[in-house]
Amino acid sequence: MVKKTQKWLVVGNWKMNPVSSKIASATFSSIKKVANKTRNTETVICPPFIYLEKLKTSGHRIVLGSQDLFPEAEGSFTGNVSYLQLKNLGVIYSIVGHSEKRREGETNEDVNKKVKASLRGMITPIICVGESTRDEKGEFLGSIKEQLLSSLSGLPKTSIKDIVIAYEPLWAIGASAKREPLVKEIFEVSIFIKKVLSDIYDTKSVPPTKILYGGSVDEKNIESILKSGGVDGVLVGRASLDPKKFTEIIKKADLLKR
């Protein structure tokens, strides 16, 4: 399990990109050159499963994560990749409960199984939560709370330091995004997540859980998000595939001391 530090956490989710190992290696190499020089930032790259072996690194400033995992160690589960296989590949983090997986039918209970499997495999789960719509009365917070409660169900207090929560508002993601959230909206939700965690666990007696923001993050808004969003880092989608944009995100984060 990764020892939690006061560094910013910048996670790049490549999703189902790029189309070749050659492009993946070139993109990773460009990012690694910058990430290895950082002092205040840890960079995580989550490529498609097929590139994990190729991109394996022994560095500590840039590490590999997976975009998902299967909660069984091995068996007759065609097309899945287990947490134990990922552990043996040197994977350090794993995204679980991403909005795109939830859209395919993944439930909070499924996410809970994956979180527990991640921890068994000494892999830090990045648990994604978020609302599809935002109402002025704040009722959307109930959905986020339910996702948190279900995803963390049955986890002991000692596990809270070994997970990461990523807030990704669905209405601010992808080509159909309605708008970028205001930084104060990100801050409000980060405070709410911390309160829910505090209600479940006595967070005063354990290291704090890292909270990320994910949703149309780029080199233009990274500074305001980290300065005023109340988060410990970001989960970057589209921009993480562009070495120039992503390394700019990393560099700007690194200039902001925790």
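Every number in this text was worked out from the coordinates using simple rules, so none of it is lab data. Bear in mind the structure is a predicted one, so any value in this text is a computation, not a measurement. Cβ atoms come from the backbone with ideal geometry, glycine included; neighbour counts cover every protein chain shown.
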Exercise. If you plug each phi of segment 186-197 into the Karplus form 6.51 cos²θ - 1.76 cosθ + 1.60 with θ = phi - 60°, what whole-Hz ³J(HN,Hα) values come out, in order, with x for Gly and Pro?
Worked result: 4, 4, 4, 6, 4, 5, 5, 4, 4, 5, 4, 4
Exercise. Do any chymotrypsin sites (Phe, Trp or Tyr not before Pro) in segment 138-215 lie in a loop, going by DSSP, with at most 11 other beta-carbon atoms within 10 Å of their beta carbon, and if so which?
Worked result: none
Exercise. In whole Hz, what ³J(HN,Hα) sequence does segment 128-143 give by Karplus (6.51, -1.76, 1.60; θ = phi - 60°), x for Gly and Pro?
Worked result: 8, 9, x, 9, 7, 9, 10, 10, 5, 7, x, 5, 4, 5, x, 5
For this session: Please go through segment 123-175 and write out the trypsin sites (Lys or Arg not before Pro) that DSSP classes as loop and that have at most 15 other C-beta atoms within 10 Å.
Result: Lys137
Exercise. So for the chain, taking the charge dipole from beta-carbon charges (+1 Lys/Arg, -1 Asp/Glu), which of Val44, Pro207, Leu256 sits furthest toward the positive end?
Worked result: Leu256
For this session: Mind jotting down the three principal axis lengths of segment 137-258 based on Cα atoms? Whole angstrom, largest first.
Result: 41, 33, 23
Seminar exercise, completed: Once the in-chain neighbours fewer than 8 apart are removed, the lysines whose Cα is under 24 Å from Lys113 read Lys3, Lys4, Lys15, Lys87, Lys101, Lys145, Lys157, Lys161, Lys194, Lys195, Lys210
For this session: Could you size up the charge dipole of the chain around its Cα centre, putting +1 on the beta carbon of Lys and Arg and -1 on that of Asp and Glu, and report it in debye to the nearest 20?
Result: 1140 debye
For this session: With label points built 7 Å along Cα→Cβ from the Cα atoms of Lys244 and Ser198, find their separation and express it in nm.
Result: 4.4 nm
Exercise. Non-local amide H neighbours of Gly214 (under 5 Å, H modeled in plane, Pro and chain starts lacking H): which ones?
Worked result: Tyr167, Glu168, Leu235
Problem set entry | Listed values [x] 20.4, 78; [y] 17.2, 53; [z] 17.0, 49, entry calculated as Rg and Dmax of the Cα atoms in Å | [z]
For this session: Find how much the distance from Ile23 to Lys54 grows on full extension, using 0.36 nm per residue of separation minus their present alpha carbon separation; answer in nm with one decimal.
Result: 10.0 nm
Exercise. Roughly what % of Cα-Cα distances in segment 211-258 sit above 11 Å, to the whole percent?
Worked result: 62 percent
Seminar exercise, completed: Whole-Å distance linking the alpha carbon centroid of segment 24-68 with that of segment 195-227 is 22 Å
Exercise. Per-residue HN-Hα couplings for segment 111-125, Karplus 6.51 cos²θ - 1.76 cosθ + 1.60 at θ = phi - 60°, whole Hz, x for Gly and Pro?
Worked result: 4, 4, 5, 5, 4, 5, 5, 4, 5, 4, x, 6, 10, 7, x
